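Notes follow the structure.
Readers should treat all values here as calculations from the given coordinates under stated rules, not as data from a laboratory. All of these numbers come straight from a predicted model, not from anything done at the bench. Please note: Cβ atoms are built from the backbone with ideal geometry, for glycine as well, and neighbour counts cover all protein chains shown.
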Amino acid sequence: MQRYFVEPEQLNEEGVVLTGDDAHHAVRVMRMESGDEFIVSDGQTRAALAVIRGVTAGRVEAGIQTWLPMSGEPLWSVTIAQSLPKGDKMELVIQKGTEIGAVAFVPFESDRMIVQYDGKKEAKRLERWRKIAKEAAEQAHRSRIPAVEPVMTWRKLMSSIAMYDLVLFCYEKEGGAGGAGLRDAILAYRERSGLTQIDNKELKVLLIVGPEGGFTEREAAEAEAAGAVIVGLGKRILRTETAAMVGLACIMYESGEMGGV
């Protein structure tokens, strides 16, 4: 069933009103009409099954049929910090990362990034990224839209590490024989914290992924000094957008998101 996210003030006991792109999508793309149902959420505390009462130009009015639980969110809150990749790769990271379960995305600048960051285009690009996150969250039936933060400097990213329970820094030099893997880091964290797979709990995790050229040794050293755990993602060299998805999927599996915990 189609899901839409709206601003909190649009959703109340009386019903909900879709406007703008959402109304256009409902009427022109989904061909909805009076009597049709859809799921609506304010992305914060409320979700409901709504039934359409009436459709006019650029406006869909619906009543609340029943309130729904806010489900669809993983127990571990994983933020992907992605060094700015070239082309539309950031859009892919946001779209697929939202589907898999990331709660936020932090694009940042690093030494070897290929793309030339243009602050003048920041607002327009950020708007597009957030729209992609919204559409992906609707498609995946998420309860919340992941946050997409403005581009961050390396220094600011390093200073934010203390906000998380576990920070995983993906570094290709850890992928060879004897290197520490992502799963090793999670298991070590469980042991340190006394967290078993049966007795799970909410965690704030930051996954840091480098650009096409990878991280420098200086960046790896600074990240480790700030509290990050240096990890590899296997023996193969992954594209930057692939690394983000593989790392996130592995974290979701280890958290019990895929079952078995």
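Using the basic label-point model (7 angstrom from Cα toward the beta carbon), what is the SER34 to ILE114 distance in nanometres?
5.5 nm
For n ≥ 4 DSSP H runs only, could you compute -39500 (n - 2.57) per run for the chain, divide by its residues and tell me the 222 nm figure to the nearest 500?
Computed mean residue ellipticity for the chain: -9000 deg cm²/dmol.
Evaluate the Debye formula for the chain with equal point scatterers sitting on the alpha carbons, no solvent, and hand back log10 of I(q)/I(0) at q = 0.13 Å⁻¹, in q order, two decimals.
-0.87
Starting with the highest mean, order 160-170, 75-85, 25-35, 145-155 by the number of other Cβ atoms within 10 Å, averaged over the residues of each peptide.
Most protected by this proxy first, the peptides run 75-85, 160-170, 145-155, 25-35.
What distance in nm lies between label points placed 7 Å from Cα along the C-beta direction at ARG183 and TYR253?
Spacing of the two 7 Å Cα→Cβ label points: 0.6 nm.
How high is the FRET efficiency from TRP154 to LEU75, r the C-beta distance, R0 25 Å, rounded to 0.05?
0.25
Given a Förster distance of 35 Å, report the FRET efficiency between LYS235 and ALA140 from their Cβ-Cβ distance, rounded to the nearest 0.05.
With a Förster radius of 35 Å, E is 0.70.
Only helices at least 24 Å long along their axis, Cα-based, and averaging 0.0 or more on Kyte-Doolittle count here, so list those DSSP H runs from the chain.
Span-like helices, by this rule, are absent here.
Please enumerate, by chain and number, the lysines with C-alpha under 28 Å from the C-alpha of LYS89, excluding those fewer than 8 residues away in the same chain.
LYS120, LYS121, LYS124, LYS131, LYS134, LYS156, LYS173, LYS204, LYS235
For LEU49 and SER193, calculate 0.36 nm times their separation in residues minus their Cα-Cα distance, and state this gained length in nm to one decimal.
Gain in length upon complete extension: 47.8 nm.
Taking the dipole about the Cα centre of the chain, with the C-beta of Lys and Arg at +1 and of Asp and Glu at -1, give me whichever of GLY214, ALA188, PRO107 is farthest to the positive side.
Projecting each Cα onto the dipole axis, the largest value belongs to GLY214.
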